[in-house]
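Step one of this worksheet: look at the structure below.
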Amino acid sequence: MPFIDRILKCKSLSIVGMEKNTGKTEALNYILGRLPSPLKVSVTSIGIDGERVDQVTETAKPEIYLKKGMIFGTAERFYRSRMLVSEVLDVGFENTSMGRIVTAEVVCGGKVLISGPSSAAGLERWNKSLDRYGVSLKIIDGALSRLSSASPAISEAMILTTGAALSANIDTLVSKTLFTVNLTSLPKVPDHVYSGFRNCEGGIWTMSAGGQVRMLEMPSSFSVDALEKTDFTDVEYLYVSGAVTERFLNKLRGVMKGGMLVVRDFTRFFVSRQAFASFMRAGNGIGVMNRTELLAVCVNPVSPAGFVLDSDRLVGMLREKTDVTVCDLRRI
């Protein structure tokens, strides 16, 4: 059972898809079906998971099956339509478009649609609320293009799913997947840099070679024009507390030489792999304050459109360029 033993060493896990229909729910069911029964597990989703039919492609999807003793969080509307017996533990005060979040424990196993908190902050609060129930492993099923669920603030480990739904071209698929894998492996900044920026909330900050921290007159990375007015002579580290856009990264490449860009974690990047590579080639570095451990990459060679990629070739190409476990769950 690849990567299951590593999951058992974690307290929280996110399952994130590179694209819709890349096998996220299948990976979730694979993991849930192989976890030992005494382990107290919770499950929720930042989107809607467990539907029988995909609402976009109208293709069949795997449903989510939960065993006795598992705890789950889902919206009131979906809780009412569950196909299992459960005991309500809590009904949250935060409203979603589908109602409040119901936290319940499975009494008799069955199927359920999962739709939990829709924001990273909401997920973090829900996860913390589970400590009172003795949960040992908290699993979050991510949503389409919502890597925020894999932030270290929410989960310490991550499973990434990719596949033919992302691209029909196997070389493009591998390239896009490896870029995300490489982002998760960005180095953590030195301790003195972490300490210097740890309490810096909002805006953009710099640290000199002597360790002096100051805030720039830039509220976010969208204020790119202010970079040209900044003196980078003694700047060793530049910390962006929010998202990093491609325009900002390209502009920074032209004014900062030999410094390090620091972000909270890998989910803060909204850039292409070309812009990322160009920034690095200019002699700069990139580091993160917090890292997420990528446990495995699961591939789905089948597209909802009907075409099928060569699974062995896809897995082989990814394995050649990364040390992370890569597998097709239907072939192990």
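The values are calculated or read from the model by the stated rules, or taken from the named source; none is laboratory data. Not measured: the values here are computed from a predicted model. Counting neighbours? That spans all protein chains shown, and the Cβs are built from the backbone with ideal geometry, glycine included. Side chains included, ligands, DNA and RNA excluded: accessible areas come from the protein's heavy atoms. Shrake-Rupley method; radii C 1.70, N 1.55, O 1.52, S 1.80 Å.
General observations
- Hits in segment 279-306 - residues which are aromatic (Phe, Trp, Tyr) and within 19 Å of Pro62 (Cα to Cα): none
- Residue within segment 222-238 that is of a type outside the set (Asp, Glu), in contact (Cβ under 8 Å) with a residue 12 or more places away in the chain, assigned to a loop (DSSP other than H, G, I, E, B) and under 29 Å from Cys10 (Cα atoms) present: no
- Candidate set from segment 296-328 (those that are farther than 20 Å from Thr180 by Cα and touching a strand residue (DSSP E or B) at 6+ places or on another chain (Cβ under 6 Å)); member that is most open to solvent (accessible area, probe 1.4 Å): Val308
- Of the listed requirements (1) touching a residue at least 12 places away in the same chain (Cβ under 8 Å); (2) farther than 25 Å from Thr172 by Cβ, Asn250 misses just one: (2).
- Tallying residues that are part of a strand (DSSP E or B), surrounded by 19 or more Cβ atoms within 10 Å (Cβ to Cβ) and modelled with pLDDT of 95 or more within segment 268-295 yields 4.
- Applying a threshold of 6 Å to beta carbon distances and a minimum spacing of six or more residues, or different chains, the list of pairs starting in segment 296-308 at a residue that is outside any strand (DSSP E or B) and ending at one that is open to solvent by 60 Å² or more (accessible area, probe 1.4 Å) reads Pro301/Val308; Phe307/Ala168.
- Taken residue by residue, segment 228-244 has no member that is open to solvent by less than 20 Å² (accessible area, probe 1.4 Å), modelled with pLDDT under 90 and farther than 30 Å from Phe3 by Cα.
- Test: residue in segment 72-82 that is assigned to a loop (DSSP other than H, G, I, E, B), modelled with pLDDT under 95 and closer than 19 Å to Lys138 by Cβ: no
- Taken over segment 2-37, the criterion of being at positive phi and not small (Gly, Ala, Ser) is satisfied by Phe3, Asn21.
- Matching option when the condition is closer than 30 Å to Cys327 by Cα, open to solvent by 20 Å² or more (accessible area, probe 1.4 Å), outside any strand (DSSP E or B) and in contact with a Leu (Cβ under 6 Å, 6 or more places away or on another chain), among Leu166, Leu173: Leu166
- Residue list for segment 187-221, filter: assigned to a loop (DSSP other than H, G, I, E, B), over 17 Å from Glu246 (Cβ atoms), open to solvent by less than 30 Å² (accessible area, probe 1.4 Å) and touching a helix residue (DSSP H, G or I) at 6+ places or on another chain (Cβ under 9 Å): Val189, Leu216
- Tally, over segment 154-195, of residues that are within 11 Å of the chain's Cα centre (by Cα) and not aliphatic (A, V, I, L, M): 5
- Any hit, segment 64-84, residues being open to solvent by 50 Å² or more (accessible area, probe 1.4 Å) and of a type in the set (Val, Ile, Thr): no
- Test: residue in segment 47-67 that is modelled with pLDDT of 95 or more and β-branched (Val, Ile, Thr): no
- Applying the condition of being among the aliphatic types (A, V, I, L, M) and either in contact (Cβ under 8 Å) with a residue 60 or more places away in the chain or over 22 Å from Lys128 (Cα atoms) (or both) to segment 99-117 and asking which residue is surrounded by the fewest Cβ atoms within 10 Å (Cβ to Cβ) yields Val107.
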